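Written out below as structure tokens is the structure these notes cover.
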Amino acid sequence: MKANCWVAPNQVAVENVPDPQILNPRDAIVRITSAAICGSDLHLLHGFIPAMKKGDILGHEFMGEVVELGPGARDGLRVGDRVVIPFPIACGNCISCERGLYSLCENSNPNAAVAEAVMGHAPAGIFGYSHLLGGYAGGQAQYARVPFADVGALKIEDDIPDEKVLFLSDILPTGYMAAEMCDIQRGDIVAIWGAGPVGQFATCSAFLLGAERVIVIDRYPYRLRMAREKAGAETINYEETDVMDALRDMTAGRGPDACIDAVGMEAHHPSAALQAYDRGKQALKSETDRPHALREAILSCANGGVVSAIGAYAGFIDKFPMGSFMNRSLTLRSGQCHVQRYMRPLLDRIRKGEIDPSYIITHTLGLDQTPHGYDIFTNKREECVKVVLKP
Amino acid sequence: MGRKSRGHKNTALHIRSMKDPFGIEREAQDRSQAMARFLGWCSLGLGVTTLAARPRVARMCGVDDSPTAQTVLQAAGIRELGHAAALLIPRRRVGWGAWTRVAGDVMDLTACGRAMQTRRGTRRMRLTYTMAALAGITMIDLYTAMRATRGRRMKDGTRVQASVTVNRRVDEVYRFWHDFQNLPRFMHHLESVQVIGDRRSRWTAKAPAGRTVDWEAEIVDDRPNEMIMWRSVDGAKVPNSGCVRFVPAAGGRGTEVRIELGYSVPGGAMTANMAKIFGENPGQQVCDDLRRFKQVIETGEVVRSDGSPHGTAIRQQAKQRPAQPLAMHR
Ligand SMILES: NC(=O)c1ccc[n+]([C@@H]2O[C@H](COP(=O)([O-])OP(=O)(O)OC[C@H]3O[C@@H](n4cnc5c(N)ncnc54)[C@H](O)[C@@H]3O)[C@@H](O)[C@H]2O)c1
Ligand SMILES: [Zn+2]
Ligand SMILES: [Zn+2]
């Protein structure tokens with residue numbers, strides 16, 4: 001089959017690789033009908049996630065049709081079923097899974113010992129997301145093997161198009177969880193750093209969960225326009241305005257009640273000098289992640305407020321404003337999304353027409369054009385917000 | 001580095017190697033490891049100095065008159081950096097790293113000996129001092145390497161302990177373990193365990209080159225839902241014993257499983273056998289076993305990925321395949 005593989009930092013290529021096969025009783029093989037490129041794939045592309053190998057198949061947002069089932073996955077699924085696959089691989093049997101913390105499944109990462117050496121304890125395995133998180137082949141391919149398919153695949157019964165349900169695999173639940181972690185109360189103002197796909201869905205979700213106002217921060221006018229026009233956000237372009245001043249002004253001095261970092265470890269900094277400081281430290285590996293948006297989110301947040309860090313981090317950050325955080329009674333929440341927890345309720349909302357997540361799709365490409373998709377998505381060319389691949 | 005930080009810190013399964021009654025001198029091993037690390041820093045300093053100030057180093061050693069000496073010194077400088085890496089890179093056993101230094105010393109001594117043959121006067125004198133210093137360093141390196149290697153071998157046997165929490169009731173866990181035929185499902189060095197009597201079982205372990213080794217074991221203590229203790233009966237090539245305890249974890253968190261394995265090997269002659277069957281590092285192995293135990297009892301299968309197609313094993317985690325399907329016929 002064809003698959004999009006990681007070759008070296010800043011290089012991916014569509015290659016011919018062997019077809020996947022059933023390795024375990026609870027596996028399913030899925031023929032992929034739609035897949036997407038995620039902001040997390042960009043961290044892999046740029047080489048900021050450790051333990052990548054040449055030839056790793058990327059992609060953790062995909063859906064398709066079940067073409068083969070192991071003997072242990074036959075209860076809930078049938079060959080021919082249409083399924084959306086959540087990006088964290090979870091067994092459904094361990095205590096973390098039972099508590100709904102699927103991205104912390106205690107069994108799905110066969111390389112847990114390495115992850116423990118880096119992180120203290122190991123999170124779940126994730127499709128196409130480095131050997132630290134399991135060494136699983138991803139879904140930017142024609143076929144994928146799905147472990148624990150009996151709990152990990154969401155069946156789509158009706159003929160609702162792929163475009164409306166594909167993002168249940170990651171970014172819609174992720175944006176939703178980002179907003180849910182804010183513990184939104186009546187009258188709350190939520191500020192969101194990053195107007196990428198995750199920031200866009202965090203915006204919709206914050207409104208769904210009762211936010212009074214949502215303020216989105218980015219530097220790409222077309223992305224900010226989408227947040228304004230499609231989701232009703234107010235926006236700040238951080239290259240034109242000082243973010244903290246603007247937020248103080250827009251909230252009459254209080255600051256946003258909750259702040260979401262939907263940027264992650266490759267934050268850009270408007271001041272060339274500070275951008276160079278973090279980039280330099282990152283290059284020397286004395287700081288693995290560039291946390292500018294997180295720092296700003298903490299400093300901007302209202303006293304007693306919540307900072308929801310949904311953007312991805314891999315290692316260590318520098319100059320964490322602990323004094324501000326501690327003295328002002330802030331709360332920090334985070335996590336890889338526990339996608340399985342949100343899939344069904346969000347599918348219901350999609351069916352009822354409360355959300356139509358397809359509005360963020362700006363490009364639909366064939367699998368062969370995946371490297372081009374990475375290029376326009378990472379360089380924000382052609383007003384790219386989200387690329388969907390049709391293998 | 002303190003004692004606590006060594007051992008199998010790289011796992012949350014909480015595993016610990018213990019000193020056995022015959023005594024691997026852990027303290028001594030720790031001291032020799034500290035020495036090896038010190039030598040690593042020396043190598044780093046020496047390597048950098050040699051590379052940065054070659055002419056001065058050449059003058060000090062009394063070989064500043066020859067152009068080849070510059071090349072030899074450059075090579076020696078680069079080699080020192082290699083020693084430093086071998087000795088200092090964390091988590092790597094320093095035993096072999098120390099041996100690379102010994103080899104380097106021999107090379108240096110040979111080079112000096114050659115240089116001596118053609119030199120007279122002050123140069124010859126300086127070379128003599130260099131030789132004497134080198135001989136001293138060689139002694140220290142040799143000593144360190146021997147200590148580090150000796151500490152590493154498990155001559156007299158060893159005991160390892162590990163624990164894990166599984167999301168199953170204590171009676172289920174006890175029953176699963178009590179059926180020794182289940183053990184090979186997660187203890188990958190075992191080929192099979194056959195129950196041959198009330199308390200007796202026959203264990204078959206895989207050995208290299210497709211061979212097997214087997215022995216009989218008997219249960220010596222059995223307390224339902226609490227613990228099982230077993231040991232090999234007389235005549236086993238590698239006498240071994242094991243004990244597993246089960247305790248309910250508070251607040252419905254499943255069952256805590258603690259395992260302790262012992263291998264009492266009387267003399268050095270058996271070491272090779274033991275390594276063949278139980279692996280170079282039984283501590284690591286028991287840790288992998290417990291992870292797979294958790295996977296099997298909770299999910300019914302040993303978890304596999306494309307990078308680790310044979311399932312959890314620390315050794316395999318270091319040598320990952322690319323995350324793409326294996327080529328095999330369907
Ligand atoms: N926690 C999870 O489960 C989860 C799931 C999916 C994605 N993510 C992470 O979420 C993050 C966003 O993903 P995405 O797909 O939206 O990616 P994206 O790259 O499209 O979006 C990131 C946006 O942040 C903006 N940005 C950069 N620096 C900024 C700054 N200093 N201030 C404000 N905005 C800034 C960029 O201009 C860009 O528009 C990534 O880190 C991704 O890895 C996390
Ligand atoms: Zn993603
Ligand atoms: Zn689980």
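Some points to look at:
- Extreme residue, farthest from B:Gln317 (Cα to Cα), among residues of the stretch A:31-53 that are in contact with a strand residue (DSSP E or B) (Cβ under 8 Å, 6 or more places away or on another chain) and within 13 Å of another protein chain (Cβ to nearest Cβ): A:Leu44
- Within the stretch B:96-115, residues that are buried (at least 20 other Cβ atoms within 10 Å of the Cβ) have Cβ atoms under 6 Å from residues that are polar (S, T, N, Q) and at pLDDT below 75 in these pairs: B:Ala98/B:Thr144, counting only partners at least 6 apart in sequence or on another chain.
- A:Ala293 vs. criteria more than 17 Å from A:Thr174 (Cα to Cα), of a type in the set (A, V, I, L, M, F, W, C) and over 22 Å from the mean Cα position of the chain (by Cα): no
- Hits in the stretch A:326-348 - residues which are outside any loop (DSSP other than H, G, I, E, B) and either touching a helix residue (DSSP H, G or I) at 6+ places or on another chain (Cβ under 7 Å) or touching a residue at least 24 places away in the same chain (Cβ under 8 Å) (or both): A:Thr331, A:Leu332, A:Arg333, A:Ser334, A:Val339, A:Gln340, A:Arg341, A:Tyr342, A:Met343, A:Arg344, A:Leu346, A:Leu347
- Taken over the stretch A:117-145, the criterion of being away from ligand 3 (no atom under 16 Å from the Cβ) and more than 16 Å from A:Ser40 (Cα to Cα) is satisfied by A:Ala117, A:Val118, A:Met119, A:Gly120, A:Ala141, A:Gln142, A:Tyr143, A:Ala144, A:Arg145.
- Filter result (within 16 Å of ligand 2 (Cβ to nearest atom) and facing chain B (nearest Cβ under 10 Å)) within the stretch A:62-89: A:Ile89
- Within the stretch A:248-263, one or more residues are in contact with a Leu (Cβ under 9 Å, 6 or more places away or on another chain), touching a residue at least 12 places away in the same chain (Cβ under 8 Å), closer than 22 Å to A:Cys38 by Cα and among the aliphatic types (A, V, I, L, M).
- The number of residues in the stretch A:72-96 being near ligand 3 (Cβ under 10 Å from one of its atoms) and within 23 Å of A:Gly59 (Cβ to Cβ) comes to 5.
- Residues in the stretch B:245-262 that are among the β-branched types (Val, Ile, Thr) and buried (at least 19 other Cβ atoms within 10 Å of the Cβ): B:Thr255, B:Val257, B:Ile259.
For (1) within 16 Å of ligand 2 (Cβ to nearest atom); (2) of a type in the set (Lys, Arg); (3) in contact with a Pro (Cβ under 6 Å, 6 or more places away or on another chain), each residue gets a yes or a no:
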site	(1), (2), (3)
A:Pro197	yes, no, no
A:Phe201	yes, no, no
A:Leu208	no, no, no
A:Asp218	no, no, no
A:Tyr222	no, no, no
A:Lys230	no, yes, no
A:Glu234	no, no, no
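- Flag for A:Ser34 being hydroxyl-bearing (Ser, Thr, Tyr), within 15 Å of ligand 1 (Cβ to nearest atom) and crowded, with 21+ Cβ neighbours inside 10 Å: no
- The one condition in (1) within 16 Å of ligand 3 (Cβ to nearest atom); (2) buried (at least 24 other Cβ atoms within 10 Å of the Cβ); (3) over 16 Å from A:Pro173 (Cβ atoms) that A:Cys105 fails to fulfil: (3)
- For A:Ile49, the test of being under 28 Å from B:Thr299 (Cβ atoms), at pLDDT below 95 and in a loop (DSSP other than H, G, I, E, B) is passed.
- Selection count, the stretch A:69-97, where residues are in contact with a Phe, Trp or Tyr (Cβ under 9 Å, 6 or more places away or on another chain) and part of a strand (DSSP E or B): 4
- Lone qualifier among A:Asp170, A:Asp183 - being within 9 Å of ligand 1 (Cβ to nearest atom) and either modelled with pLDDT under 95 or charged (D, E, K, R) (or both): A:Asp170
- Close Cβ contacts (under 6 Å, 6 or more residues apart or on different chains) running from residues in the stretch B:211-234 that are closer than 17 Å to B:Phe176 by Cα and in contact (Cβ under 8 Å) with a residue 40 or more places away in the chain to residues that are acidic (Asp, Glu) and part of a strand (DSSP E or B) comprise B:Ile228/B:Asp222.
- Qualifying residue in the stretch A:264-284 (condition: at pLDDT 95 or above and either surrounded by 13 or more Cβ atoms within 10 Å (Cβ to Cβ) or closer than 20 Å to A:Gly323 by Cβ (or both)): yes
- Taking the stretch A:179-258 and the strands (runs of 3 or more DSSP E) fully enclosed by it, the elements with 1 or more residues that are surrounded by fewer than 17 Cβ atoms within 10 Å (Cβ to Cβ) are at A:234-237.
- Residue in the stretch A:245-253 that is basic (Lys, Arg) and within 15 Å of ligand 1 (Cβ to nearest atom) present: no
- Those residues of the stretch B:309-324 which are closer than 30 Å to B:Asp171 by Cβ and at the interface with chain A (Cβ under 7 Å from one of its Cβ atoms), in sequence order: B:Gly311, B:Thr312
- Test: residue in the stretch A:99-114 that is of a type outside the set (Val, Ile, Thr), within 9 Å of chain B (Cβ to nearest Cβ) and within 16 Å of ligand 2 (Cβ to nearest atom): no
- None of A:Ala153, A:Ala144 is under 25 Å from A:Gly72 (Cα atoms), within 11 Å of another protein chain (Cβ to nearest Cβ), under 20 Å from the mean Cα position of the chain (by Cα) and touching a residue at least 24 places away in the same chain (Cβ under 8 Å) except A:Ala144.
- Total residues in the stretch B:280-308, condition part of a loop (DSSP other than H, G, I, E, B) and facing chain A (nearest Cβ under 7 Å): 8
The values are calculated or read from the model by the stated rules, or taken from the named source; none is laboratory data. Nothing here was measured: the structure is a model prediction, and the numbers come from that model. Positions of Cβ are backbone-derived with ideal geometry, glycine not excepted, and every protein chain shown enters the neighbour counts.
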